[in-house]
Amino acid sequence: MLTTTRPRTKQAAQQHSATANSNSPASTVTIGSYLATRLEQIGLKHHFAVAGDYNLVLLDQLLLNGNVSQVYCCNELNCGFAAEGYARANGAAACVVTYTVGALSAFNAIASAYAESLPVILISGSPNTNDLGAGHLLHHTLGTLNFRYQLEMARHITCEAVAITHPEEAPFLIDKAIRAALQNRKPVYIEIPCNLSGALCSAPGPRASFLELPESDPASLAAAVDAASAFLRKAVRPLLLAGPRLRSYGGVNAFRELAEAVGCGVAVMPSAKGFFPEEHTQFIGLYLGSVSSPGCSAVVESADAVLAAGPIFNDYTTVGWSSQPAVHKTIHVDPDRVHVAGVTYNDVFLREFLTALAETAKKSPGNPATVTQFQRTRVEACPPARADPDAPLTRAEMCRQIQGAINGNTTLIVETGDSWFNGFNMALPDGAEFEIEMQYGHIGWSVPATFGYALAAPDRRIVLMVGDGSFQLTAQEVCQMVRLNLPVMIFLVNNRGYTIEVEIHDGPYNNIKNWDYAGIMAIFNSTDGDGRGLRAATGKELAGAVQEALAHKTGPTLIECTIDRDDCTKQLMEWGSRVAAANGRPPQRA
Ligand SMILES: Cc1ncc(C[n+]2csc(CCOP(=O)(O)OP(=O)(O)O)c2C)c(N)n1
Ligand SMILES: [Mg+2]
């Protein structure tokens with residue numbers, strides 16, 4: 001018997017009944033085609049893939065859908081990160097890999113999507129159902145008769161993991177997983193046996209209710225809003241702090257509305273840079289404890305009420321636990337609950353809470369005390385001086401020139417390393433976006449993630465800053481930018497090592513083999529590519545390279561910027577020493 005998927009909401013029920021009529025009597029499609037339709041319906045124009053015999057029929061089925069292009073990656077780690085980057089620009093993403101040898105590599109990137117709250121759908125081909133329970137040993141496995149381990153491992157790094165074992169249950173399981181990803185803003189896992197991708201199941205409706213976020217408990221929401229608004233009203237110096245989860249949980253616009261209703265100063269956490277316009281009159285800077293942007297930390301730390309929306313306070317963002325707003329001064333808004341001065345309101349969802357609080361705040365007069373305080377004490381940043389064009393390139397001159405390439409249509413992507421701090425110091429004009437993977441912090445993330453992001457945002461100017469050490473992990477994926485003619489600008493910072501690690505704790509392990517990074521582009525181009533690899537060892541060379549990169553539209557341009565090994569930001573030096581101190585705390589006695 002074929003089942004049809006059952007809608008859960010009124011809106012979906014209407015759509016479903018329209019579908020049921022148009023498709024009746026129960027029409028059928030292959031499981032692969034069902035999945036392709038669902039991917040299309042949730043707004044994907046691409047999915048990422050690496051082929052393997054357990055997924056080949058599935059890839060064939062997905063190819064039949066002309067509205068979702070199949071995009072290939074060099075390996076499954078990169079494939080997962082490409083999807084992670086795509087989800088940042090597009091809201092969701094999918095990647096398809098083969099069993100174990102592929103999936104276990106992809107898991108690292110899927111864990112990143114979990115940490116960064118991005119709905120990435122990982123689809124893995126798996127063994128033929130006839131082999132399960134038949135005592136057959138299979139390739140690409142552990143060489144045991146256990147074929148459940150991959151599903152069990154996936155459960156730890158996804159919010160839903162399903163394995164299809166019969167065509168009849170495929171529509172239900174696929175929908176269940178996709179709905180979970182979109183509602184929780186976390187990755188999910190779908191396992192499809194190689195002999196089922198082409199098997200028939202019931203046809204999908206025109207659109208399921210995937211995008212509906214869960215609703216808050218009304219009483220809990222009202223109580224949280226009452227408590228938070230009283231807390232903000234009685235504050236002498238209220239302040240808003242944007243956190244990294246704000247975007248994933250749909251709160252960016254509501255946050256701005258709330259900020260404008262309260263009229264107070266607004267700071268952003270590092271991973272929330274760009275979530276509030278930097279040119280806004282209420283913007284007071286990037287808050288990162290003692291290495292915040294100028295004038296910001298004094299205002300944040302002297303505020304008597306801080307509403308932190310979707311924050312992540314970890315050892316890095318608190319600068320080795322040296323700066324975390326005190327609980328009694330804080331309204332802490334999590335994706336699914338709110339804490340007001342330590343009192344928790346459950347089942348209150350971020351976007352609804354911020355929207356309702358903004359409505360309430362509009363009824364009271366604003367309190368601009370923290371904006372005034374910031375303006376009184378701020379030191380006008382003087383534009384960095386242009387270096388002697390023939391002098392050896394410095395980090396400061398490199399950043400000055402990269403800043404010049406950033407406009408309102410730019411997305412600046414920064415890799416783990418001193419590129420984080422260089423990125424924090426960049427000014428974002430209105431419309432510019434900023435991407436960072438600071439919770440997971442996997443070096444090498446940025447190259448495939450930039451590839452994925454660039455595919456999803458073809459009209460934006462994509463600028464990547466990546467260190468030499470990070471680049472060496474995932475460099476191959478630049479070839480996919482060449483293959484698809486993506487005009488990404490890559491600033492490869494060659495400081496001959498793991499400088500961020502040098503500042504935390506130095507040793508011989510922080511030295512790396514030098515590469516001819518600019519020369520690598522010729523290898524990726526081979527006979528048919530149009531990537532450019534340029535070298536800049538002086539300001540003059542960099543200026544010429546930037547001009548060439550801006551004009552080059554038929555492929556990526558990698559500019560290898562050579563700077564001194566110790567030429568790093570002062571913020572990295574201080575942050576590094578504090579993180580080292582936190583890492584080095586001796587074990588506590590009971
Ligand atoms: C997968 C992974 N392995 C190791 C690390 C530890 N780690 C963090 S930053 C870093 C070095 C980054 O060096 P580079 O990209 O050259 O940046 P720089 O600070 O030199 O600008 C390392 C090894 C990590 N974050 N992720
Ligand atoms: Mg380096």
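Condition first: within 16 Å of ligand 2 (Cβ to nearest atom), open to solvent by less than 50 Å² (accessible area, probe 1.4 Å), closer than 24 Å to Cys79 by Cβ and out of contact with any Gly (no Cβ under 8 Å at 6 or more places or on another chain). Can you find one or more residues in segment 436-443 that meet it? Don't jump to the end; show me each part of the working.
Our first condition is that a residue be within 16 Å of ligand 2 (Cβ to nearest atom); within segment 436-443, this holds for 441-443.
Now restrict to residues that are open to solvent by less than 50 Å² (accessible area, probe 1.4 Å): 441-442.
Now narrow it down to the ones that are closer than 24 Å to Cys79 by Cβ: 441-442.
Okay, now just the ones that are also out of contact with any Gly (no Cβ under 8 Å at 6 or more places or on another chain), so 441-442.
Yes, that holds for at least one residue.
Results for (1) modelled with pLDDT of 95 or more; (2) part of a loop (DSSP other than H, G, I, E, B); (3) over 15 Å from Leu39 (Cβ atoms); (4) open to solvent by 60 Å² or more (accessible area, probe 1.4 Å), shown as yes or no for each residue.
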| position | (1), (2), (3), (4) |
| --- | --- |
| Gly143 | no, yes, yes, no |
| Asn146 | no, yes, yes, yes |
| Leu151 | yes, no, yes, no |
| Ala154 | yes, no, yes, no |
| Val162 | yes, no, yes, no |
| Thr165 | yes, yes, yes, yes |
| Pro171 | yes, no, no, no |
| Ile174 | yes, no, no, no |
| Ala181 | yes, no, no, no |
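Just to be sure I understand the filter: pairs with C-beta atoms under 7 Å, separated by 6 or more residues or on different chains, first member in segment 482-508 and on the phi > 0 side of the Ramachandran plot and in contact (Cβ under 8 Å) with a residue 60 or more places away in the chain, second member within 8 Å of ligand 2 (Cβ to nearest atom) and among the aliphatic types (A, V, I, L, M). Which pairs pass?
Between residues of segment 482-508 that are on the phi > 0 side of the Ramachandran plot and in contact (Cβ under 8 Å) with a residue 60 or more places away in the chain and residues that are within 8 Å of ligand 2 (Cβ to nearest atom) and among the aliphatic types (A, V, I, L, M), the close pairs are Gly497/Ile512.
Hey, among the residues in segment 55-98 that are of a type in the set (Phe, Trp, Tyr) and part of a helix (DSSP H, G or I), which one's nearest to Ile443 (Cα to Cα)?
Step one: filter segment 55-98 for residues of a type in the set (Phe, Trp, Tyr), giving 72, 81, 86.
From what is left, the residues that are part of a helix (DSSP H, G or I) are 81, 86.
Numbers: Phe81: 11, Tyr86: 18 Å.
The selected residue is Phe81.
Would you tally the residues in segment 412-427 being within 6 Å of ligand 1 (Cβ to nearest atom) and over 18 Å from the mean Cα position of the chain (by Cα)?
Qualifying residue count, segment 412-427: 1.
Scan segment 553-576 for residues that are open to solvent by 10 Å² or more (accessible area, probe 1.4 Å) and either more than 18 Å from Arg461 (Cβ to Cβ) or part of a strand (DSSP E or B) (or both) and report the count. Full working, then the answer.
Step one: of segment 553-576, the residues open to solvent by 10 Å² or more (accessible area, probe 1.4 Å) are 553-554, 560, 562-568, 570-571, 573-574.
Adding the requirement that they be either more than 18 Å from Arg461 (Cβ to Cβ) or part of a strand (DSSP E or B) (or both) leaves 560, 562-568, 570-571, 573-574.
Total satisfying the criteria: 12.
Quickly run through segment 407-418 and pick out the residues that are more than 23 Å from Tyr114 (Cβ to Cβ) and open to solvent by less than 10 Å² (accessible area, probe 1.4 Å).
So the first thing to find is which residues in segment 407-418 are more than 23 Å from Tyr114 (Cβ to Cβ), and the list is 407-410, 412, 418.
Within segment 407-418, Thr410, Leu412 meet the criteria.
Please return the ranges of helices (runs of 4 or more DSSP H) entirely within segment 202-267 where 3 or more residues are surrounded by 24 or more Cβ atoms within 10 Å (Cβ to Cβ). So that I can check it myself, show each step before the final result.
Working: elements: 218-233, 245-248, 252-262.
Correct list: 218-233, 252-262.
Of all residues in segment 205-226, which are at pLDDT 75 or above and either at positive phi or of a type in the set (Ser, Thr, Tyr) (or both)?
Of all residues in segment 205-226, those at pLDDT 75 or above come to 205-206, 210, 213-226.
Within segment 205-226, Ser216, Ser220 qualify.
Given the residues Pro384, Pro325, which is the only one that is touching a strand residue (DSSP E or B) at 6+ places or on another chain (Cβ under 6 Å) and at pLDDT below 95? So that I can check it myself, show each step before the final result.
Details: Pro384 fails: touching a strand residue (DSSP E or B) at 6+ places or on another chain (Cβ under 6 Å).
Just a single option satisfies the conditions, and that option is Pro325.
Go through segment 448-467 residue by residue and tally those that are aliphatic (A, V, I, L, M), away from ligand 2 (no atom under 14 Å from the Cβ) and open to solvent by less than 10 Å² (accessible area, probe 1.4 Å). Show your work before the answer.
Start the filter on segment 448-467 by keeping residues that are aliphatic (A, V, I, L, M), which leaves 449, 454-457, 462-466.
Filter again for away from ligand 2 (no atom under 14 Å from the Cβ), leaving 449, 454-457, 462-464.
Still in the list and also open to solvent by less than 10 Å² (accessible area, probe 1.4 Å): 449, 454, 462-464.
Within segment 448-467, residues that are aliphatic (A, V, I, L, M), away from ligand 2 (no atom under 14 Å from the Cβ) and open to solvent by less than 10 Å² (accessible area, probe 1.4 Å) number 5.
Considering only residues that are of a type in the set (Asp, Glu) and surrounded by fewer than 21 Cβ atoms within 10 Å (Cβ to Cβ), look in segment 475-520 and name the one that is nearest to ligand 2 (Cβ to nearest atom).
Glu501
Of all strands (runs of 3 or more DSSP E) completely enclosed by segment 270-387, which ones contain at least 3 residues that are of a type outside the set (A, V, I, L, M, F, W, C)? It would help to see each step written out before you state the result.
On the way: elements: 283-286, 305-309, 330-333, 337-340, 343-346.
Answer list for segment 270-387: 343-346.
The values are calculated or read from the model by the stated rules, or taken from the named source; none is laboratory data. Not measured: the values here are computed from a predicted model. Reconstructed Cβ throughout: ideal geometry from the backbone, glycine too, with neighbour counts over all protein chains shown. The protein model used for the area step is the full one, side chains on, heavy atoms only, and it has no ligands, DNA or RNA in it. Shrake-Rupley method; radii C 1.70, N 1.55, O 1.52, S 1.80 Å.
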